[in-house]
Ligand code: ADP
């Protein structure tokens, strides 16, 4: 704006194939413009910047790349900023071109045939090696090519795709991605903020896949079915295929989860970043053969990738939850405070159960089983979620998100609740044990719908107001 002293405006001239890397803490913000008169173009993780438009950034570590050379003007003080000459962008572009060839081939096939299915790429590797960034770049490039990628986020600890953390989610991107916000965390109830169709969201409620891996795998299976049925209704998405981002699986404990994802989503390319060892394990697990045409490839990590420490990750997460309820500078939202009565006939609150404690509980229960019945006769669904009696609802749920599921409170059994997709989220402000009710923030006014509610263990310890 005019009020900003020109001495705080930096100009950075980039040569072709260079990248401007910057970091901004949560406590400040900066504005970047692709200089109006500049001859060149620039992009942020695959999405093009418009000339002269101000883009505002806060709490991020990011980069603006140029194929042509360009000039940027920056208002405010980034905590880190430099120009990098070496980037893996050419390799990422080549990967995009290879995927695009497969999409062209898919578009040429009759819609109902297997061949109409575009490439399905899975990105795996240790933390902070650029998995999410590559997912954004591939998404941005395919959108610019006029495609409609379905992006799937299986990382429950990180940012969701158009939703809050603690979830796994899928969304079809048909229009340009948001430069400032990437995959974003728009509320599912605000249609104007949604690019195409409501994202598909499952609330997992744990930080890592291990804590409840049975349910994690089950939700992945559910999501794969739902994604496939969405693709059947949308030939453009089907031809474009899938881009799947994951948590940092380590190959020792999560080999079976990776195989599960590969099978459920019929993955055609596995791209490994940042781990030679994981790459070799994958090559062995998915050897090239005509019966399983899975491509295993290695991708270089950008030197710009930065390790994010726990407090930083928490601030990103909190910001995503906050944004779900309160919006941001571009689109402010005012959530409503609503009360939920525990003694209402439609009160149906469930909690996720982690595998470890549930197997301990199972051991305990086995000794009470009638003679002749064994462990396998216990319902498998009982273990992943359990219903809470009103007396069990206490202050441990304060400052947690609650998922409003797509299953009616009155029909809700453990199986339905354990597998249901999410309608939207509430945030618990206060639990009043004496009055048997809780106060929640809701993105929409009025009573909370008579749906089953599910509370998890993650994300935890947030203070929104
Ligand atoms: P992962 O998904 O493997 O955990 P990310 O893609 O989230 O890794 O990258 C880790 C961090 O590094 C993120 O904050 C991301 O924005 C940042 N980052 C990635 N590539 C670059 C780059 N080229 N320049 C600056 N920061 C980057």
So, in the stretch 31-70, how many residues would count as being away from the ligand (no atom under 12 Å from the Cβ) and in a loop (DSSP other than H, G, I, E, B)? 16
Looking for whichever is at pLDDT 95 or above, within 16 Å of the ligand (Cβ to nearest atom) and either in a helix (DSSP H, G or I) or under 16 Å from the mean Cα position of the chain (by Cα) (or both) here; the options are 244, 258, 272. Which one fits? 244
All but one of (1) away from the ligand (no atom under 16 Å from the Cβ); (2) outside any strand (DSSP E or B); (3) at pLDDT 95 or above hold for residue 252; which doesn't? (3)
Residue among 85, 75 that alone is surrounded by fewer than 21 Cβ atoms within 10 Å (Cβ to Cβ), farther than 29 Å from residue 282 by Cβ and away from the ligand (no atom under 15 Å from the Cβ): 75
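Residue-by-condition table, conditions (1) without any contact (Cβ under 8 Å) to a residue 12 or more places away in the chain; (2) closer than 20 Å to residue 183 by Cβ:
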residue: 14; (1), (2): no, no
residue: 31; (1), (2): no, no
residue: 46; (1), (2): no, yes
residue: 57; (1), (2): no, yes
residue: 73; (1), (2): no, no
residue: 97; (1), (2): yes, no
residue: 107; (1), (2): no, no
residue: 111; (1), (2): no, no
Unmet criterion (only one of (1) surrounded by fewer than 20 Cβ atoms within 10 Å (Cβ to Cβ); (2) farther than 23 Å from residue 157 by Cβ; (3) at pLDDT 90 or above) for residue 411: (3)
Where in the stretch 73-169 are the strands (runs of 3 or more DSSP E), entirely inside, with at least 2 residues that are within 15 Å of the chain's Cα centre (by Cα)? 120-124, 150-153
Quick one: in the stretch 289-311, which of the residues that are away from the ligand (no atom under 16 Å from the Cβ) and either under 26 Å from residue 24 (Cβ atoms) or assigned to a loop (DSSP other than H, G, I, E, B) (or both) is modelled with the highest pLDDT? 294
Looking for whichever is closer than 21 Å to residue 200 by Cα and either touching a helix residue (DSSP H, G or I) at 6+ places or on another chain (Cβ under 6 Å) or crowded, with 20+ Cβ neighbours inside 10 Å (or both) here; the options are 440, 422, 431. Which one fits? 422
List the pairs whose first member sits in the stretch 143-161 and is at positive phi and modelled with pLDDT under 90, whose second member is within 11 Å of the ligand (Cβ to nearest atom) and assigned to a helix (DSSP H, G or I), and whose Cβ atoms are under 9 Å apart, counting only residues at least 6 apart or on separate chains? none
Residue 286 - would you say it is more than 20 Å from residue 134 (Cβ to Cβ) and away from the ligand (no atom under 16 Å from the Cβ)? no
Within the bounds of the stretch 9-16, is there any residue that is over 26 Å from the mean Cα position of the chain (by Cα) and buried (at least 19 other Cβ atoms within 10 Å of the Cβ)? yes
Quick one: how many residues across the stretch 273-296 are over 28 Å from residue 20 (Cβ atoms) and touching a strand residue (DSSP E or B) at 6+ places or on another chain (Cβ under 7 Å)? 8
Got a sec? Which of 354, 381 is modelled with pLDDT under 90, surrounded by 12 or more Cβ atoms within 10 Å (Cβ to Cβ) and closer than 28 Å to residue 430 by Cβ? 354
Restricting attention to the stretch 94-132, report how many residues are more than 25 Å from residue 230 (Cβ to Cβ) and within 16 Å of the ligand (Cβ to nearest atom). 6
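The values are calculated or read from the model by the stated rules, or taken from the named source; none is laboratory data. All values derive from a computational prediction rather than experimental measurement. Because the Cβ atoms are built from the backbone with ideal geometry, glycine has one as well, and the counts that use them run over all protein chains shown.
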